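A.B. asks: Quick one: structure below, then a few questions.
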Amino acid sequence: MNITESLYANDLQNLIKDVFEIDSYKSKIGNDKDVVVLSFTVESEDPAKDLENFVEMGYDFVLDADVSPGETDEGTYKVFIELERNKHAPEKIIELLSGIKTLTGMSDMRFRYFKSFKSKNATLRNLKSAIPTDTAAYEETTKKHGLDNFSNFFANSFSDKVEVKNESITFKRVWTEPLSFEIITSGPKQTVYNEIQGPIILEGNAIAEVMYFTKCIGNYNITKVGNTFIFENSGWAVALEKK
């Protein structure tokens, strides 16, 4: 299948991550309330430029496509794609993903909205549910997602860097080994405690773990329930399991 003059099906196989972000970055060309920004993680610069060119040449509804000016800390590149925020945006994203799946050979992709802790399957239904399609909805949604945003939730963390990849979160400090957890769930505090079943662990090892996490990650109220650590912040909670 000929995709463009230079790209064919599966040419970018294993080069684009299957989880992309929506509205996690600022628009370069307009106001965020008017523009939806997608960001894809690509393994190196050349395939990132290939993806940029593919999008610009193949989709007239795309307002702008651009490659990050340099590598991320992990040595990858970001490709930012901007389109108008309106009721057709979810369908346009599905159309765009269809082409990217052809280039990569991926059958499914996932998205994370506004740096949420958990990603979702990139289905039309989930995109319609997640993406605000007008100014009022955008302002309401981003406000509602305030603490369901890992950057906001851990804004006062002692860590030098907080990274989320797929369904894992890692806290990095210069003087110690990174701490990595699997993200189980997040939401209002009582909802999270209702979801996480098991006894509250208060024995010595658990207390030592909580104290260490408090020292390395930040001054959060942390409770161990079974094998899960629940971090609290202003009525919101995130359940994590140590990897």
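What follows is calculated from the coordinates using simple rules that are stated; it is not laboratory data. A quick note: this is a predicted structure, and the numbers were derived from the prediction, not measured. Counting neighbours? That spans all protein chains shown, and the Cβs are built from the backbone with ideal geometry, glycine included.
A.B. asks: Check cross-link reach from Lys165 to the lysines: straight Cα distance under 19 Å, and skip same-chain residues fewer than eight apart.
C.D. replies: Within the straight-line limit of under 19 Å, Lys165 reaches these lysines: Lys17, Lys78, Lys115, Lys118, Lys120, Lys242, Lys243.
A.B. asks: Compute a Gaussian network model of the chain, connecting alpha carbons closer than 10 Å, and tell me which residue from Asn156, Asn233, Asn205 fluctuates the most.
C.D. replies: Evaluated over the chain, the most mobile residue of the options is Asn205.
A.B. asks: For the chain, with a Gaussian network of springs between Cα atoms less than 10 Å apart, report the residue from Tyr212, Tyr138, Tyr193 with the top mean-square fluctuation.
C.D. replies: Tyr212
A.B. asks: Here's a follow-up. Does segment 19-144 classify as rounded, prolate or oblate by the C-alpha gyration tensor (a ≥ b ≥ c root eigenvalues; a/c under 1.5 gives rounded; else a/b over b/c gives prolate, otherwise oblate)? Can you show the working numbers first?
C.D. replies: Working: a/c = 1.44, a/b = 1.37, b/c = 1.05.
Verdict is rounded for segment 19-144.
A.B. asks: Please give the FRET efficiency for His145 paired with Asn53, using the beta carbon to beta carbon distance and R0 = 25 Å, rounded to the nearest 0.05.
C.D. replies: 0.20
A.B. asks: I've got another one for you. In degrees from 0 to 90, rounded to the nearest 10, what is the angle of the helix 204-217 Cα long axis to the longest principal axis of the chain?
C.D. replies: Result, in degrees: 50.
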